[in-house]
Amino acid sequence: MSVDISAPQLLELVHRYYPTNLYSSEAGYHESEQYQRLEKARDVAMGQSAIWKGCLARLREALPECKVQDWTALFSNDNCWRVRVYLPEVLKLPGGSEEVRTVVVLVSILVPVYVLYSSFQQYSEKGASPSRTFYEDVPETKSHADKIDAIVRDVLHVHRLPNETLFTPVPDIQVRNTSLGEAKLIDCLFTDDRW
């Protein structure tokens, strides 16, 4: 079953959880009705982790060759369950560098939607480079991403948001490390910490 959750509906929803035109450092932000509602949603989600743990178990069972890591951080102001699935192949690059490829899923605790993306990060003796993030299908991760996508939908009964919805601007809300005027729906519904 496909559910069409529109950007205007999601914009209305996130305004129930974030005070408008206030930075989190300003007086009244944390005391606002919106922020208190958001904190309550995080508390409720933390108490309902059994379904999420079931999803992680299914991923580990279906993808034994992959490393499945739960990166959920509801306690640190994220609004999502988060899993990183590390693909088994590490690409060897010229000069001794390596590239690690990961499929990441974020599942919102505010509405039954999710985002799936691929993240490529290179490592050398100098350290890690900034990751490259792909919200569209890429051939290098597609076969794993398709399996992950099917499991997430089956276990959690959530719907994937299209990119044009994810990146809808929310100019009157400040989220964690985004400034007023810079936030997008993806930041508000999930997290601004995506790599």
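The values are calculated or read from the model by the stated rules, or taken from the named source; none is laboratory data. Because the structure is predicted, anything quoted here is derived from the model rather than measured. Cβ atoms come from the backbone with ideal geometry, glycine included; neighbour counts cover every protein chain shown. These area figures cover heavy atoms from the full protein model, side chains too; ligands, DNA and RNA do not enter into them. Shrake-Rupley method; radii C 1.70, N 1.55, O 1.52, S 1.80 Å.
Distance between the C-alpha centers of region 108-169 and region 59-87? Whole Å please.
Taking the Cα centre of each part, region 108-169 and region 59-87 sit 11 Å apart.
Over 24 Å between Cα atoms, which of Lys92/Lys142; Lys92/Lys126; Lys67/Lys184; Lys40/Lys184; Lys67/Lys142 qualify?
Values: Lys92/Lys142 20 Å; Lys92/Lys126 15 Å; Lys67/Lys184 30 Å; Lys40/Lys184 22 Å; Lys67/Lys142 16 Å.
Distance filter (> 24 Å) returns Lys67/Lys184.
Amide H neighbours of His159 under 5 Å, at least 5 residues apart or on other chains, H built in the peptide plane: list them.
Val113, Tyr114
Determine ³J(HN,Hα), in whole Hz, for all residues of region 90-98 in sequence, where each value follows from phi through the Karplus function 6.51 cos²θ - 1.76 cosθ + 1.60 and θ = phi - 60°; x replaces Gly and Pro.
Result, ordered by residue: 9, 7, 7, 10, x, x, x, 6, 10 Hz.
What are the ³J(HN,Hα) couplings of region 161-169, residue after residue, when phi is run through the Karplus curve with 6.51, -1.76, 1.60 and θ = phi - 60°? Round to Hz, x for glycine and proline.
Coupling constants for region 161-169: 8, x, 4, 4, 6, 3, 9, 5, x Hz.
Enumerate the amide H contacts of Ser24 below 5 Å, restricted to partners 5 or more residues apart or on another chain; note that Pro and chain-start residues carry no placed amide H.
Result for Ser24 returns nothing.
Residue by residue through region 118-129, what is 3J(HN,Hα) from phi via Karplus (6.51 cos²θ - 1.76 cosθ + 1.60, θ = phi - 60°)? Round to whole Hz and write x for glycine and proline.
With the stated coefficients, region 118-129 comes to 10, 10, 10, 9, 9, 10, 9, 5, 7, x, 8, 8 Hz.
How large is the dipole of region 49-124 about the Cα centre if only Lys and Arg carry +1 and Asp and Glu carry -1, each at its Cβ, rounded to the nearest 20 debye?
Working: 8 positive and 7 negative charges, 27 e Å.
Using only the charged Cβ atoms, the result is roughly 140 debye.
What size of dipole, in debye to the nearest 20, comes out for region 102-186 about its Cα centre when the only charges are +1 on Lys and Arg C-beta atoms and -1 on Asp and Glu C-beta atoms?
Result for region 102-186 is approximately 160 debye, rounded to the nearest 20.
Along the positive direction of the dipole of the chain (beta-carbon charges: Lys, Arg +1; Asp, Glu -1; about the Cα centre), which of Ala57, Gly95, Ser119 reaches farthest?
Ala57
Putting +1 on Lys and Arg Cβ atoms and -1 on Asp and Glu Cβ atoms, find which of Tyr18, Cys66, Trp81 reaches farthest to the positive end of the dipole of the chain.
Going by the Cα projections, it comes out as Cys66.
Cα gyration tensor of region 123-195, axes a ≥ b ≥ c as square roots of the eigenvalues: rounded (a/c below 1.5), prolate (a/b > b/c) or oblate?
oblate
For the chain, give the percent of accessible area contributed by carbon and sulfur heavy atoms, probe 1.4 Å, rounded to a whole number.
Its accessible area is 52 percent carbon and sulfur atoms.
Report the FRET efficiency, 1/(1 + (r/R0)^6), for Arg176 and Ser129, where r is their Cβ-Cβ distance and R0 is 25 Å, rounded to 0.05. Intermediate results must be reported in sequence, preceding the final value.
Details: r = 23 Å, r/R0 = 0.92.
After rounding to 0.05, the efficiency reads 0.60.
Mind running the shape call on region 45-103? Use the C-alpha gyration tensor, a ≥ b ≥ c as the square roots of the eigenvalues: rounded below 1.5 for a/c, prolate if a/b tops b/c, oblate otherwise. It would help to have the intermediate numbers written out before the result.
On the way: a/c = 5.40, a/b = 1.82, b/c = 2.97.
Here region 45-103 falls in the oblate category.
Treat each spin label as a single point 7 Å out from the Cα along the C-beta direction, and report the Glu26 to Asp193 distance in nm.
2.5 nm
With +1 assigned to the C-beta of every Lys and Arg and -1 to the C-beta of every Asp and Glu, and no other charges, what is the dipole magnitude of the chain about the Cα centre in debye, to the nearest 20?
Taking the Cα centre of the chain as origin, the dipole is about 460 debye.
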